[in-house]
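So the structure is just underneath, and the comments pick up after that.
The values are calculated or read from the model by the stated rules, or taken from the named source; none is laboratory data. Just so you know, these numbers come straight off a predicted model, no measurement behind them. Glycine gets a Cβ as well: all are built from the backbone with ideal geometry, and neighbour counts include every protein chain shown. In case anyone asks, the SASA skips ligands and DNA or RNA and just uses the protein heavy atoms, side chains included. Shrake-Rupley method; radii C 1.70, N 1.55, O 1.52, S 1.80 Å.
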Amino acid sequence: MAEAIALPSVLVTMLGSLIEAWPRQIYTQPLVTTRFLGQRTTYVCDPGHIRSLLVDQAEALEREPFMLRALAPALGSGVLTADGSHWRGQRRTASPMFRPDRVRSFVPAMARAAAATRTRWHGADPAGAERDVLHEMMRTTFEVIVATMVSGDPHLEVEPFGRAMDAYLGQTSWKIALAMLRAPAWVPHPGARGGAAAVRHLRGEVARTIARRRARGEPGTDLLGLLLEARDPETGQPLPEARVVDNLLTFVAAGHETTALALAWTLRVLAEHPEVEARVVAEMAQLGDDPAADPEAADRLPYTRQVLLEVMRLYPPAPLIVRRTRAPVRLGDRVVPAGQSVHVPVYALHRHALLWDRPEVFDPDRFAPERAAARDRYAYLPFGAGPRVCIGMSLALTECLVILATLLPAFRFRPVTRAMPATQFRVTLRPKGGLTMRVEPRHVA
Ligand code: HEM
């Protein structure tokens, strides 16, 4: 196991983007341990060890305190941030929303949101225009999440919600850095006030959504309905109001930001690879007249799916999985004692020299069925693994395919900068400075 000494200067780098502060060895070695201010962090980049950690020894893990410090002010103790029986109960409550038949039933809502974006773009500037494609995708996926999880509550507005999310995520690097320095949570930092105001806005909006639903007198059958109807198996009591807010905010936030990133990175990468784009558009042309409204459409886009998976290899929207050991964990012949950090640096895993041939090269054929089947499942983790695997995985994949199948046949996306945008870790993997592209209709009316 390689051991690297992390320098204090990493803190400065981290504030820019945590990924830049990672030791280089994690791109070439299976296990790397760093020491920083007396704390050890083990980076796990070997598929066998990852399986052993996230699946077989999941019970020995808990949420990483520095991630909680970044996320808990907004998300409280919901399904993403809770551990143990609290987590299990909340996950069970939400799971009916993510069964395959339910996800298929969401396809029309996904198609409607994508069609609204298409109409907006055509209407605003029929000859094409420069647009922040990330912002546009956030708007589209927000509509989907509101339509599916809270039955399209018209009062939840995307623009203020998005601004608050940006303000909140923007200052999480400081929270993470200060937590690593073991500074108490009250220590002031840039962006803290804006972050606190953002939390008030986000939680307030969600609380008002819940109040409107309660006032209606019947809970409904969407995610909010499930949360309101949930009962503690031991006490028979409903979820406390704060937990309902925690979870609804978790699903709205986790469900739209990551999906929008996957879409925006896909549109930008495709612009670099016109031959791949042409094949994707040709595949979409074989769908019927209203492809996106067909519940099975996503199943008929195997090549587009390969493209999406390959984009998420290079640009995983959730680039880091972090845990703390609550009991000793064995990784091969090593034992990580209780109370240490173990990280699966998904971004580095997906570009690891021992796992991928020419890792920096974009090649959707890596995900052709026979090549994918030959690969270790734990070498590719855009949605995590084990009991904490992303609950929204199939919803997200279907949604991305439906949205792409609506927009790509209608528009060409052209880069406005020669280089791919730099990446920035903000819990998710964002393009630094947004993602502006020229969006031109393929057929001018
Ligand atoms: C491309 C889109 C998405 C990506 C890349 C993604 C990625 C991930 C990853 C890597 C995790 C595991 C984190 C960990 O182990 O610490 C996760 C968890 C989670 N995701 Fe997603 N996600 C996506 C879309 C969604 C959607 C659409 C929803 C809901 C509508 C969602 C809800 C959640 C929740 C609630 C968790 C926590 C699960 C738990 O701890 O039990 N995600 N996601």
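Work out which helices of the chain, taken as complete DSSP H runs, extend at least 20 Å along their axis over the Cα atoms and score a mean Kyte-Doolittle of -0.5 or more, then list them.
Within the chain the helices that satisfy the rule are 107-124, 133-149, 241-272, 393-407.
In whole percent, how big is the carbon plus sulfur part of the accessible area of the range 201-265, probe 1.4 Å, protein atoms only?
Roughly 55 percent of what the probe reaches on the range 201-265 is carbon or sulfur.
Rounded to the nearest 500, what is the chain's calculated 222 nm mean residue ellipticity when only DSSP H runs of at least 4 contribute -39500 (n - 2.57) each, over all residues?
-15000 deg cm²/dmol
Just want the answer: with Cβ charges of +1 for Lys and Arg and -1 for Asp and Glu, which residue in Val245, Thr258, Met138 is farthest toward the dipole's positive end in the chain?
Val245
Using the Cα atoms of the range 353-404, I'd like the radius of gyration and the largest Cα-Cα distance, Dmax, both in angstrom.
Rg and Dmax of the range 353-404, Cα atoms, are 13.0, 34 Å.
Could you give the size of the charge dipole of the range 340-437 about its Cα centre, using +1 on the Cβ of each K and R and -1 on the Cβ of each D and E, expressed in debye and rounded to the nearest 20?
With Lys and Arg at +1 and Asp and Glu at -1, about 360 debye.
Considering only protein heavy atoms, what is the solvent-accessible area of Asp232 at a probe of 1.4 Å, reported in Å² to the nearest 10?
In the full protein context, Asp232 sits at about 70 Å².
Quantify, in whole percent, the carbon and sulfur part of the accessible surface of the range 87-141 (1.4 Å probe; protein heavy atoms only).
Carbon and sulfur together cover 51 percent of it.
Put Ile391, Ile50 in order of accessible area, largest first, 1.4 Å probe: what do you get?
In descending accessible area the options line up as Ile391, Ile50.
Leaving ligands, DNA and RNA out of it, work out the accessible area of Ser394 with a 1.4 Å probe and give it in Å² to the nearest 10.
It works out to around 50 Å².
For the chain, with a Gaussian network of springs between Cα atoms less than 10 Å apart, report the residue from Gly191, Gly332, Gly386 with the top mean-square fluctuation.
In the Gaussian network model the winner is Gly332.
Among all stretches of the chain without exposed trypsin sites (Lys or Arg not before Pro) (DSSP loop, at most 11 other Cβ atoms within 10 Å), which one is longest?
Here the longest segment lacking exposed loop sites spans 183-417.
For Cys400, Cys390, give me the order by solvent-accessible area with a 1.4 Å probe, most accessible first, ignoring ligands, DNA and RNA.
Listed by decreasing accessible area, they come as Cys390, Cys400.
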